[in-house]
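J.: Supplied in structure tokens, the structure appears directly below.
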Amino acid sequence: MIVKTTYIALHESPRTQSLPAKLNIETIKLPEIGNIYKSLRFTSIKKVYRFYNHLNSNSQLILEYDGNFIPVLTCAFVNIFKTKKFKIILDCHVNSYLDVRLFSPRTFFKLFLIYFYKNILGYKILVHNKASVKLINRSHYCPSPFPVEAINLTKIKPNSIFIISSLNKDEPVDAFLDAAIELEKHGFDIKISGNFSKLTDEQIYKGKSFFTGFLKKTDYFKHIMKSEIIIAMTTRKYNLLFAPREALAYKKICLINDSNENKEFYSSLCTYSSHKSESIVSNVLKISEKPPVFNDIEHKNLINEVNFEIKNIKKCLHIN
């Protein structure tokens, strides 16, 4: 039986833009309610309540879940007390079930909530990588789609490096800065994306010549196109990076952190490094001396594998 399904998006992330399109379902943006502390306000809860109350009953909702439990619990309240009969699936960011520190009270609380949603409320759980399926029993693996292969229309700048970052706490920002300073001495031109207002004054001063600030989508892809090497890294466990998919669409050399999740997924399509600045510098210099050859066949095979998994999810969720 085919079920009408709607994706409820919290953010304009690459996944929320690509996954609903691949599933061929409608996307509706949740009203802006700010972070977890702002969303606890009565006015924010009321706004979310009204949003769900105006949605059609007997539909299936895929809720983007980043750890802010107010939209999820408000949806449950509307479902139970307004008898909306929504079928609810949580599309979980890694941040929704793990803190940056794996063994911490916050991680315990996040995992407790996930199991509450799954075992008590009966929600299906979607996760981005296979390691998380092992962490959260009976969750469903739903990888993010690959972007369509792109044509590089921008002239590549020699010795150029683009570090894709949101400058969040799960990224090795200090290592990026130290590596950028050292690589600049070797003649490299480095740019680091992200909203640097999140950083300390010391970090901003140290990296003022490298930071691009928050980039519009077109400018973001121009930086990818004109760069020889793309770097993306996280320090968070169970996190599979999305940025390499965008870099690989332009057949770029991609240096990413050497987590098991990244290695198992991207295999030889990427080059791997620890997230220490010394390792980043060393690997960039090796790449510069002997650039790896892009493997078109492996790239296409990985895209096909991801598309196959998404097709299975469509069947599982009874999406046409």
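The values are calculated or read from the model by the stated rules, or taken from the named source; none is laboratory data. Being a predicted model, the structure only gives us computed values, none of them experimental. Cβ atoms come from the backbone with ideal geometry, glycine included; neighbour counts cover every protein chain shown.
J.: For the range 123-143, name all the residues that are part of a loop (DSSP other than H, G, I, E, B) and in contact (Cβ under 8 Å) with a residue 12 or more places away in the chain. Spell out the reasoning first.
T.: Going through the range 123-143, the residues part of a loop (DSSP other than H, G, I, E, B) turn out to be 123, 128-129, 136-139, 142-143.
Passing the criteria: TYR123, HIS128, ASN129, ILE136, ARG138, SER139, CYS142, PRO143.
J.: Then there's this: Checking SER197 against (1) assigned to a strand (DSSP E or B); (2) without any contact (Cβ under 8 Å) to a residue 24 or more places away in the chain, which test does it fail?
T.: (1)
Yes/no per residue for (1) free of Cβ contacts under 8 Å to residues at least 60 places away in the same chain; (2) surrounded by fewer than 13 Cβ atoms within 10 Å (Cβ to Cβ); (3) more than 27 Å from LEU240 (Cβ to Cβ); (4) of a type outside the set (Phe, Trp, Tyr):
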site	(1), (2), (3), (4)
ASN24	no, yes, no, yes
SER39	yes, no, no, yes
TYR49	yes, no, yes, no
LEU55	yes, no, yes, yes
ASN58	yes, yes, yes, yes
LEU63	yes, no, no, yes
PHE81	yes, yes, yes, no
PHE86	yes, no, yes, no
ILE89	no, no, no, yes
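J.: When you go through (1) touching a Pro at 6+ places or on another chain (Cβ under 7 Å); (2) free of Cβ contacts under 8 Å to residues at least 12 places away in the same chain; (3) among the polar types (S, T, N, Q) one by one for SER282, which number turns out not to apply?
T.: Going through the list (1) touching a Pro at 6+ places or on another chain (Cβ under 7 Å); (2) free of Cβ contacts under 8 Å to residues at least 12 places away in the same chain; (3) among the polar types (S, T, N, Q), SER282 breaks only (1).
J.: Search the range 233-248 for residues being in contact with a Cys (Cβ under 7 Å, 6 or more places away or on another chain) and within 24 Å of GLU184 (Cα to Cα), and hand back the single one that is surrounded by the most Cβ atoms within 10 Å (Cβ to Cβ).
T.: First pass over the range 233-248, keeping only residues in contact with a Cys (Cβ under 7 Å, 6 or more places away or on another chain): 244, 247-248.
Still in the running and within 24 Å of GLU184 (Cα to Cα): 244, 247.
Details: PRO244: 22, ALA247: 25.
My answer is ALA247.
J.: Scan the range 214-223 and tell me whether some residue there is assigned to a strand (DSSP E or B), of a type outside the set (Val, Ile, Thr), free of Cβ contacts under 8 Å to residues at least 60 places away in the same chain and not assigned by TED's automatic domain parsing to the domain that holds VAL94.
T.: Taking every residue of the range 214-223 in turn, none turns out to be assigned to a strand (DSSP E or B), of a type outside the set (Val, Ile, Thr), free of Cβ contacts under 8 Å to residues at least 60 places away in the same chain and not assigned by TED's automatic domain parsing to the domain that holds VAL94.
J.: Of all residues in the range 277-291, which are loosely packed, with under 14 Cβ neighbours inside 10 Å and either assigned to a helix (DSSP H, G or I) or touching a helix residue (DSSP H, G or I) at 6+ places or on another chain (Cβ under 9 Å) (or both)? Full working, then the answer.
T.: Of the residues in the range 277-291, the ones loosely packed, with under 14 Cβ neighbours inside 10 Å are 278, 285, 289-291.
Matches in the range 277-291: GLU278, LEU285, GLU289.
J.: Being of a type in the set (D, E, K, R), assigned to a helix (DSSP H, G or I), touching a residue at least 60 places away in the same chain (Cβ under 8 Å) and closer than 25 Å to LEU153 by Cα, is that true of even one residue in the range 241-250? Steps first, answer last, please.
T.: Of the range 241-250, the ones of a type in the set (D, E, K, R) are 245-246.
Cutting the leftovers down to assigned to a helix (DSSP H, G or I) gives us 245-246.
Cutting the leftovers down to touching a residue at least 60 places away in the same chain (Cβ under 8 Å) gives us 245-246.
If we keep only those that are closer than 25 Å to LEU153 by Cα as well, we get 245-246.
Yes, the range 241-250 contains a residue that is of a type in the set (D, E, K, R), assigned to a helix (DSSP H, G or I), touching a residue at least 60 places away in the same chain (Cβ under 8 Å) and closer than 25 Å to LEU153 by Cα.
J.: Got a sec? Which of ILE224, ILE192 is in contact with an Asp or Glu (Cβ under 9 Å, 6 or more places away or on another chain) and either buried (at least 19 other Cβ atoms within 10 Å of the Cβ) or among the basic types (Lys, Arg) (or both)?
T.: From the options ILE224, ILE192, the qualifying one is ILE224.
J.: Now a separate question. Tell me which helices (runs of 4 or more DSSP H) are completely within the range 1-115 and hold 3 or more residues being among the charged types (D, E, K, R), or say none if there are none.
T.: Working: elements: 14-23, 36-39, 42-53, 70-81, 105-115.
The helices (runs of 4 or more DSSP H) meeting that bar are 42-53.
J.: How many residues are within 16 Å of ILE163 (Cα to Cα) and either in contact with a Gly (Cβ under 6 Å, 6 or more places away or on another chain) or buried (at least 23 other Cβ atoms within 10 Å of the Cβ) (or both) when one looks only at the range 249-276?
T.: Residues flagged as within 16 Å of ILE163 (Cα to Cα) and either in contact with a Gly (Cβ under 6 Å, 6 or more places away or on another chain) or buried (at least 23 other Cβ atoms within 10 Å of the Cβ) (or both) within the range 249-276 amount to 6.
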